[in-house]
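Below: one structure, written as structure tokens.
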Amino acid sequence: MSPTETTEAFRERAVAFLDAHAPLRPERSGGFTWGEGDDFVGIVEEGDPATEEEAVAAARAWAATRFDAGFGWIDGPTDQGGAGLGADHVRTYRSLEARYEVPDQSIFTIGLGMVAPTIAAHARDDVATAYLAPLHRGDLIACQLFSEPGAGSDLAALSTRAVRDGDEWVLDGQKVWTSNAHHDGIGDIICRTDPDDPKHAGMTAFLVDMSAPGVEVRPLRQMTGGAGFNEVFLTGVRVPDSHRLGAVGEGWGVALTTLMNERASIGSGMGLARGPGPFERLVELTRHLGVDRDPVVRDRLARLHTTHVVNGLTAKRAAANLQAGGLPGPELSVLKLAGTLQLLATADYVASVLGPALCADNGEWGTFAWTKLVCGVPGARLGGGSDEIVRNIIGERVLGLPREPR
């Protein structure tokens with residue numbers, strides 16, 4: 001491929017690759033039909049380790065196939081394993097792949113949407129080269145080690161310590177609510193390196209090997225029935241100084257890079273999920289329940305559709321800015337909050353039209369699968385910063401309102 005390849009030539013090459021490696025989705029007439037065995041779930045049936053292992057293996061295999069063909073890191077620099085193409089090529093490929101049946105890639109959302117941009121911005125060149133291509137190829141799965149039992153939205157209250165020992169750092173502490181920690185990849189971690197500075201200036205960021213001695217991962221069972229989050233204990237974990245992200249004491253800036261990209265990823269979905277979106281499923285559920293002619297229901301569904309489209313356009317604008325070389329900024333908090341509000345409104349709508357069928361598995365098509373969404377949505381109000389923190393950021397850094405009294 002050539003860094004100057006036209007989008008038309010790129011499209012032809014991408015179609016040829018996809019035709020050779022994945023079946024097309026069935027053509028649909030009259031809208032999306034939610035058939036048997038197509039429940040609304042995430043990447044895996046949470047709580048079933050065998051199913052999760054199979055799903056992750058399938059995701060890795062497709063990521064590797066796509067990368068090796070030149071479509072895994074389309075806008076990445078060629079000297080680090082990317083294709084060196086532009087944002088238009090990324091959008092073209094994503095729109096094409098959506099037409100094919102491929103394994104769900106959402107297991108890589110944290111690694112590609114949050115950790116990889118942080119590595120690109122703050123890691124040494126040799127470290128970036130060592131990790132970025134494997135992340136995009138699916139060889140590595142990354143996690144974010146920020147929250148602690150005593151430091152959630154107030155990240156600067158963290159207490160996990162990193163003490164320098166020659167060319168290494170020794171980490172001790174506990175992190176919590178860590179997705180993907182059980183996949184033995186790498187973690188983007190923030191630690192306190194200056195005990196005399198209890199806040200922002202005493203923090204430093206590192207990349208930690210999740211299979212290193214002293215790292216213990218314990219799953220956390222959720223009310224959805226799954227265990228997608230973990231608590232992580234670090235006891236004498238050694239990290240080379242080469243794996244420090246940014247300068248000593250500048251971990252807060254590194255954390256902001258990750259958090260801004262996290263908010264963008266949460267709001268946009270990263271284009272990594274598989275299959276028809278939640279709104280298409282909402283329409284078919286409404287028809288199935290026979291309430292699609294109710295004017296109140298139709299009004300609520302129309303409002304959901306409007307915000308769904310607006311959020312999608314906002315996400316595309318944010319993605320275009322990032323792919324054009326722009327930096328993630330506080331405006332991405334708007335996207336994160338809007339996405340959370342949309343999820344909450346969706347869960348409320350589903351609960352209202354399903355009624356008791358939401359929580360009673362009577363075997364009826366299109367009903368019980370929504371319980372995972374409804375039970376999982378409250379967590380969206382915390383991930384990437386709580387709603388209250390995000391509203392403060394929007395008010396102070398986007399709208400220019402006076403700072404909240406301290």
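Structure notes:
- Amide H to amide H, with H built 1.01 Å from N, LEU220 comes under 5 Å of PHE229, ASN230, GLU231, counting only residues 5 or more places away or on other chains.
- Each residue, ALA360 and ALA61, gets one label point 7 Å from its Cα in the Cβ direction; the gap between the two is 4.1 nm.
- Of the peptides 129-142, 289-302, 386-399, the order by per-residue mean of other Cβ atoms within 10 Å, starting with the highest, comes out as 129-142, 386-399, 289-302.
- Under-5 Å amide H pairs with SER147, H placed in peptide plane, nonlocal only: VAL176
- Linear extension gain, ARG94 paired with ARG397, 0.36 nm per residue minus alpha-carbon span: 105.9 nm
- Taking every Cα-Cα distance in segment 95-175 and sorting them into 5 Å bins starting at zero, the pair-distance distribution P(r) comes out as 3, 12, 15, 16, 21, 17, 8, 4, 4, 2, 0 percent.
- Coupling constants for segment 128-140 follow from the phi torsions by the Karplus curve (6.51 cos²θ - 1.76 cosθ + 1.60, θ = phi - 60°), and in residue order they are 4, 5, 5, 10, 5, 4, x, 5, 6, 7, x, 6, 10 Hz; glycine and proline get x.
- Distance between modelled label sites at LEU220 and HIS288, nm, 7 Å Cα→Cβ extension: 3.2 nm
Values quoted throughout were computed directly from the atomic coordinates according to the rules given, and no laboratory measurement underlies them. Keep in mind that what you see is a predicted model, and the values were worked out from it rather than measured. Neighbour counts are summed over all protein chains in view; Cβ atoms, including those assigned to glycine, are modelled from backbone coordinates with ideal geometry.
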